[in-house]
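**Student:** Sharing a structure below in structure tokens format, with a few things to ask.
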Amino acid sequence: EAGVVQSPRYKIIEKKQPVAFWCNPISGHNTLYWYRQNLGQGPELLIRYENEEAVDDSQLPKDRFSAERLKGVDSTLKIQPAELGDSAVYLCASSLDQGGSSYYNEQFFGPGTRLTVL
Amino acid sequence: GQQVMQIPQYQHVQEGEDFTTYCNSSTTLSNIQWYKQRPGGHPVFLIQLVKSGEVKKQKRLTFQFGEAKKNSSLHITATQTTDVGTYFCAGPLQGAQKLVFGQGTRLTINP
């Protein structure tokens, strides 16, 4: 079974430039997450999708970040314009969850995209 | 707001020594998950605990969920170099449908 696929693996851009990350979750997983992980910290949720619906985007900086999950399968996360503080690893994860439940199944993480903003 | 705290932040041991990391929540958790992240890698699920006082074992790893469901621990017996990495606990945030990760405990081992 293929795991969560992310691309690119690394991205170096100058500040104020746009950047986009792509994620393809495990086949059949209805829930998709985007996390940001700063060095030495745990993953922090940016947005969570159940199928194509964003059910939690409270931590997504909406002035510069956007995300979409068309057709409820793969997803893109965009930053425009990027700032120096956006340098981090952006992780995508997927799981098979029951909607509205606080019981979470294991999350399968992709390899992440390491973003460096110069 | 609700927080999930882990201690210690770093732990360095000699190979063969035991290791324990502790996870504490400011609120009661319905369940708790543990993940391991190898250096340069991504988090990988280890286990989920649901019941009060639950203890689960995976070979040399022992996971406990506190009676009050506000704390948890991971204990590794006789560490090996393959245990190197950062161990995260994660619990669901009350009132919202998301997991909150602790800041992790980074384990390094002297062979």
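**Student:** Filter the stretch B:8-54 down to residues that are closer than 18 Å to A:ASN38 by Cα and part of a strand (DSSP E or B) and give me whichever is most open to solvent (accessible area, probe 1.4 Å).
**Tutor:** It comes out as B:TYR10.
**Student:** If you don't mind, another one. Considering only the stretch A:12-40, how many residues are more than 20 Å from B:PHE88 (Cβ to Cβ) and without any contact (Cβ under 8 Å) to a residue 60 or more places away in the chain?
**Tutor:** Here the count works out to 4.
Residue-by-condition table, conditions (1) under 26 Å from B:ILE32 (Cβ atoms); (2) open to solvent by 70 Å² or more (accessible area, probe 1.4 Å); (3) within 11 Å of chain B (Cβ to nearest Cβ):
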site: A:ILE13; (1), (2), (3): no, no, no
site: A:VAL19; (1), (2), (3): no, no, no
site: A:ASN30; (1), (2), (3): yes, no, no
site: A:GLN41; (1), (2), (3): yes, yes, yes
site: A:ASP57; (1), (2), (3): yes, no, yes
site: A:CYS92; (1), (2), (3): yes, no, yes
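**Student:** Related question: Taking the condition among the charged types (D, E, K, R), more than 9 Å from chain A (Cβ to nearest Cβ), at positive phi and in a loop (DSSP other than H, G, I, E, B), does B:LYS69 pass? I'd like the intermediate steps shown before the answer.
**Tutor:** On the way: among the charged types (D, E, K, R): yes; more than 9 Å from chain A (Cβ to nearest Cβ): yes; at positive phi: yes; in a loop (DSSP other than H, G, I, E, B): yes.
Taking the combined requirement at face value, the residue satisfies it.
**Student:** Would you pick out the residues in the stretch A:66-87 that are of a type in the set (A, V, I, L, M, F, W, C) and open to solvent by less than 10 Å² (accessible area, probe 1.4 Å)? Spell out the reasoning first.
**Tutor:** Step one: of the stretch A:66-87, the residues of a type in the set (A, V, I, L, M, F, W, C) are A:67, A:70, A:73, A:77, A:79, A:82, A:84.
Within the stretch A:66-87, A:LEU77, A:ILE79, A:ALA82 meet the criteria.
**Student:** Which one of B:ARG60, B:ARG106 is of a type outside the set (A, V, I, L, M, F, W, C), more than 14 Å from chain A (Cβ to nearest Cβ) and surrounded by fewer than 20 Cβ atoms within 10 Å (Cβ to Cβ)? Walk me through how you get there before you give the answer.
**Tutor:** Values: B:ARG106 fails: more than 14 Å from chain A (Cβ to nearest Cβ).
So the residue among B:ARG60, B:ARG106 that is of a type outside the set (A, V, I, L, M, F, W, C), more than 14 Å from chain A (Cβ to nearest Cβ) and surrounded by fewer than 20 Cβ atoms within 10 Å (Cβ to Cβ) is B:ARG60.
**Student:** Also, quick follow-up: Would it be correct to say that B:THR86 is β-branched (Val, Ile, Thr), buried (at least 19 other Cβ atoms within 10 Å of the Cβ), touching a strand residue (DSSP E or B) at 6+ places or on another chain (Cβ under 8 Å) and within 14 Å of chain A (Cβ to nearest Cβ)?
**Tutor:** Values: β-branched (Val, Ile, Thr): yes; buried (at least 19 other Cβ atoms within 10 Å of the Cβ): yes; touching a strand residue (DSSP E or B) at 6+ places or on another chain (Cβ under 8 Å): yes; within 14 Å of chain A (Cβ to nearest Cβ): yes.
Yes.
The values are calculated or read from the model by the stated rules, or taken from the named source; none is laboratory data. What you are looking at is a predicted structure, and each value in this text was computed from that prediction instead of being measured. All Cβ positions, glycine included, derive from the backbone under ideal geometry; neighbour counts span all protein chains shown. Surface areas here come from the heavy atoms of the whole protein model, side chains and all, with no ligands, DNA or RNA. Shrake-Rupley method; radii C 1.70, N 1.55, O 1.52, S 1.80 Å.
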